[in-house]
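Structure first, commentary second.
Bear in mind these aren't lab numbers, they're just calculated from the coordinates by the rules spelled out. The model shown is predicted, which means the values in this text are computed figures rather than measured ones. In this analysis, Cβ positions are derived from the backbone assuming ideal geometry, glycine residues included, and neighbour counts consider all displayed protein chains.
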Amino acid sequence: MASTAKSLPTGGTIVTSGGYRYHTFTASGSFVVPVARTVDILLVAGGGAAGRWYGGGGGAGGFLPYTGVSLAATTFSVTVGSGAAGISGPGYGAARAASGSNSTFAYLPSAIGGSGGASTGGEGAITGGSGGGAGYASGGAGGGTAGQGNGGGGIGTSAYGGGGGGGATQGGGSLYYDGAVVRGGGGGNGSSAYSSWGAATNTGHNVSGTYWYAGGGMGQGQGDTTLRGGLGGGGHADPATNGMANTGGGGGGGFGASGGSGIVIIRYSV
């Protein structure tokens with residue numbers, strides 16, 4: 001039976017493209033289904049903040065797609081995870097950076113927020129959707145959640161600096177010294193598997209027409225601008241930048257940059 005205006009779901013920002021109707025949530029809300037139907041869902045959690053003072057990059061928010069989800073005619077809650085706020089305060093021995101918040105759709109398992117990067121001389125990063133990078137003289141990098149992301153990078157050398165945060169498809173890079181400069185670990189790349197969704201909804205990190213989500217933040221080096229945050233909104237370092245909003249990107253290391261907020265997209269054929 002063809003869909004009518006009264007039978008179509010509501011909620012979020014709605015666009016129709018290529019035979020599909022997309023509902024994009026950049027803030028928490030409700031998805032209202034008047035008539036039972038099958039949908040595909042993409043959950044991206046909020047990214048982790050970066051460690052401070054030669055700290056590690058923030059881990060990307062968990063990247064968790066669902067296909068062929070059968071929904072009854074009812075109202076479903078949607079939660080969009082926020083990016084973790086950057087940390088301030090003293091440099092050496094600063095606290096581990098905060099993790100991003102989970103993104104959820106009703107009863108489905110959640111996309112897990114990215115873990116914060118480690119600060120110099122502080123606690124190591126913990127497991128998140130993707131893991132935060134290690135900081136100098138810290139407890140090490142964080143791990144990723146299976147099926148959602150990858151671990152952060154280590155310091156790999158005794159020089160001051162941090163590892164990169166992990167991304168949806170790639171782990172964070174390790175800090176290294178190239179004989180001239182200490183290079184912070186690059187952020188792990190996110191995923192472009194849902195690039196067509198990004199193009200239809202004008203969301204994600206647009207790189208030459210390919211749309212990415214859930215990239216890790218770069219770890220801080222020493223004046224190093226060569227490596228960057230991961231594709232998918234990961235923040236850079238030297239100077240540090242926040243993760244890109246509504247991509248789940250991790251914050252760039254060094255001075256407590258914030259993680260990027262997540263996103264939830266739902267689509268179905270029309």
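Name the residue farthest towards the positive end of the dipole of the chain from the options Gly219, Gly230, Val35, assuming +1 on Cβ of Lys and Arg, -1 on Cβ of Asp and Glu, about the Cα centre.
It is Val35, whose Cα lies furthest towards the positive end.
Antiparallel DSSP bridges in the chain: what percent, to the nearest 5?
If I count the DSSP bridges inside the chain, around 95 percent turn out antiparallel.
Looking only at Gly198, Gly186, Gly61, which one moves most when the chain is put into a Gaussian network model with springs between Cα atoms under 10 Å?
Of Gly198, Gly186, Gly61, the Gaussian network model singles out Gly198 as fluctuating most.
Among Gly221, Gly135, Gly62, which one moves the most in a GNM of the chain with springs linking Cα atoms closer than 10 Å?
Largest GNM mean-square fluctuation: Gly221.
What order, most packed first, do the peptides 164-171, 81-88, 234-241 have when packing is the mean number of other Cβ atoms within 10 Å of each residue?
164-171, 234-241, 81-88
Using only alpha carbon pairs under 8 Å that are at least six residues apart, calculate the relative contact order of the chain and give it in whole percent.
For the chain, the relative contact order is 22 percent.
So, in nm, how far is label Ala73 from label Leu108 when the simple model puts each one 7 Å beyond its Cα toward the Cβ?
2.2
Between Thr16 and Ala36, what is the label-point separation in nm under the 7 Å Cα-to-beta-carbon projection?
2.5
May I ask you to sort Met244, Met218 by Cβ crowding, counting other Cβ atoms within 10 Å and putting the fewest first?
In increasing order of surrounding Cβ atoms, one gets Met244, Met218.
Hey, what do the phi angles of segment 229-236 turn into as Karplus ³J(HN,Hα) couplings, whole Hz, using 6.51/-1.76/1.60 and θ = phi - 60°, x for Gly and Pro?
Once θ is set to phi - 60°, the couplings for segment 229-236 become x, x, 4, x, x, x, x, 8 Hz.
Rounded to a whole number, what is D in µm²/s for segment 109-225 from Stokes-Einstein with the Kirkwood radius over alpha-carbon pairs (10 °C, 1.306 mPa s)?
For the chosen part, D equals 114 µm²/s.
If I take R0 = 35 Å and measure r between the Cβ atoms of Ala199 and Asp178 in this structure, what FRET efficiency does the formula 1/(1 + (r/R0)^6) give, to the nearest 0.05?
Efficiency, rounded to the nearest 0.05: 0.40.
So what's the gap between the Cα centers of segment 9-26 and segment 53-70, to the nearest angstrom?
Going from one Cα centre to the other spans 22 Å.
Enumerate the calculated ³J(HN,Hα) couplings along segment 67-83 in order (Karplus 6.51 cos²θ - 1.76 cosθ + 1.60, θ = phi - 60°), each rounded to whole Hz, writing x wherever the residue is Gly or Pro.
My calculation for segment 67-83 gives 10, x, 8, 8, 10, 6, 6, 6, 9, 10, 7, 10, 10, 9, x, 7, x Hz in order.
Once you place label points 7 Å from the Cα toward the Cβ at Ser88 and Ala159, how far apart are they in nm?
Going from the Ser88 label point to the Ala159 one covers 3.1 nm.
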